[in-house]
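Heads up: the structure comes next, in structure tokens.
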Amino acid sequence: MTRPFVFPGLATRVVFGSGTLARVPDEVARLGRSRALVLSTPQQQAQAQALAGALGARAVGVFAGAMMHTPVEVTEAAVAAYAAAGADCVVSLGGGSTTGLGKAIATRSGADQVVVPTTYAGSEMTDILGETAGGEKTTRRDPSIRPEVVVYDVDLTLTLPVGLTVASALNAIAHAMEGFYAPDRNPVTEALSRDAMQAFARALPVLVADPVNPDARADALYAAWGCSTTLGHVTMALHHKLAHVLGGSFGLPHAETHAVLLPHTTAYNEPAVGALLDPIRAAFGQPTAAAGLWHFAKACHAPLRLADLGLTAADLDRAAEIAVRNPYAKPRPITRTGIRDLLQNAFDGVCPA
Ligand code: NAD
């Protein structure tokens, strides 16, 4: 039976393909903008400079200081650079860190955003911004945060190292996983997520063996778009909360933390959500979604243990306490013991029962 739903509409224009980077100048012009500040991490500065060159008179500078978890000091320096250059939009070239910086500038200045994602993290289709100040990360949602245009160029993902490819894809799969049981799920996000599971299941094993396979790269980026769209249109739950706690309070790396947690958060909620996770069982070929994701992660050589990401056994109690402190969407009741057990399993990297 089709359940009642509300679908809020898709606000972001998407250009997807190979060689689409060349279309960024037209997309800036289409927005009625003519003075772009190009953003990147220090590692991708050369790519940002080349894009600024391609934008010609439509670029007024490059700010290559984007960092993980969007520290406000970096944002303040970038907003100052934006104002000093007389910019009227940002072009964010990179992963979630660069997209986050573009969003932080946009929500403070009203800048339009053209995002060119080069990982599968999935920030580009969302109205969510996480920022770090004084060692604490806070997250908020607001329409002013959502980018106007996303240009997906498959060619830019060919250089993504295999380890980050796998971890970033599991980060994306986590958005779909929680989307399947989100209270505000709708047929559009469900269909996109289902399709994304199939595409990732097909593409990732190919990319582990052949990272520059163009068809698999196209499938993976398409899947990332579907997962990002889901993240941007429904409410996330336990998995994202725990990843946020481990990243924000313990400094664990973003994509890898999502990758390790995913089978365990799935196992926690699976008994309560039943058939809603059928698309994951179907895509990853195990009787439970949790086991399917764990075996898939292992086969793709993803990290499996929080212990390997820098968490210590002494951190587990505090992590469980922070995680149960604030209420959030929960298909299965959250108990301190249940979360502590989940974290222990993720710490040890065992296959969830
Ligand atoms: P990242 O953006 O920090 O990128 C990791 C590293 O890989 C960087 O050095 C980057 O320059 C490099 N890199 C990126 N693409 C590359 C490529 N194609 N080839 C070679 N190197 C490349 O990592 P991420 O996992 O994409 O993003 C993590 C950040 O995004 C976190 O801060 C997280 O909170 C945020 N995020 C936010 C949302 C949201 O909706 N607000 C969603 C997902 C992630």
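The values are calculated or read from the model by the stated rules, or taken from the named source; none is laboratory data. Small disclaimer: the values here were computed from a predicted structure and weren't measured. Methodologically, a virtual Cβ is constructed for each residue, glycine included, from the backbone with ideal geometry; neighbour enumeration extends over all protein chains shown. Side chains included, ligands, DNA and RNA excluded: accessible areas come from the protein's heavy atoms. Shrake-Rupley method; radii C 1.70, N 1.55, O 1.52, S 1.80 Å.
For the reader, a short list of remarks on this structure follows.
- Residue within region 75-87 that is under 18 Å from Gly248 (Cα atoms), modelled with pLDDT under 95 and in contact with a helix residue (DSSP H, G or I) (Cβ under 8 Å, 6 or more places away or on another chain) present: no
- Members of region 62-77 that are surrounded by fewer than 17 Cβ atoms within 10 Å (Cβ to Cβ) and either away from the ligand (no atom under 16 Å from the Cβ) or in a helix (DSSP H, G or I) (or both): Val72, Glu73, Glu76, Ala77
- Put simply, of Ala182, Ala201, Ala216 the only residue that is open to solvent by less than 20 Å² (accessible area, probe 1.4 Å) and over 30 Å from Pro71 (Cα atoms) is Ala216.
- Counting only residues that are open to solvent by 60 Å² or more (accessible area, probe 1.4 Å), in contact with a helix residue (DSSP H, G or I) (Cβ under 6 Å, 6 or more places away or on another chain) and within 15 Å of the ligand (Cβ to nearest atom), region 5-54 holds 1 of them.
- Taken together, Ala57, Ala104, Ala80 contain a single residue that is assigned to a helix (DSSP H, G or I), among the hydrophobic types (A, V, I, L, M, F, W, C), away from the ligand (no atom under 15 Å from the Cβ) and touching a residue at least 12 places away in the same chain (Cβ under 8 Å), which is Ala57.
- Test: residue in region 243-252 that is over 24 Å from Val188 (Cβ atoms), of a type in the set (Gly, Ala, Ser) and more than 18 Å from the chain's Cα centre (by Cα): yes
- Any chance Leu309 is in contact (Cβ under 8 Å) with a residue 12 or more places away in the chain, in contact with a Leu (Cβ under 7 Å, 6 or more places away or on another chain) and over 23 Å from Thr189 (Cβ atoms): yes
- Boolean, Val116 is buried (at least 20 other Cβ atoms within 10 Å of the Cβ), closer than 23 Å to Leu221 by Cβ and either within 7 Å of the ligand (Cβ to nearest atom) or among the β-branched types (Val, Ile, Thr) (or both): yes
- Test: residue in region 201-214 that is within 16 Å of the ligand (Cβ to nearest atom) and closer than 30 Å to Gly134 by Cα: no
- Checking Leu221, Leu238, Leu262 one by one, the residue that is away from the ligand (no atom under 16 Å from the Cβ), open to solvent by less than 10 Å² (accessible area, probe 1.4 Å) and not β-branched (Val, Ile, Thr) is Leu238 and no other.
- Considered as a group, the residues in region 137-179 that are part of a helix (DSSP H, G or I), closer than 19 Å to Val90 by Cβ and more than 9 Å from the ligand (Cβ to nearest atom) include one that is most open to solvent (accessible area, probe 1.4 Å), and that residue is Pro143.
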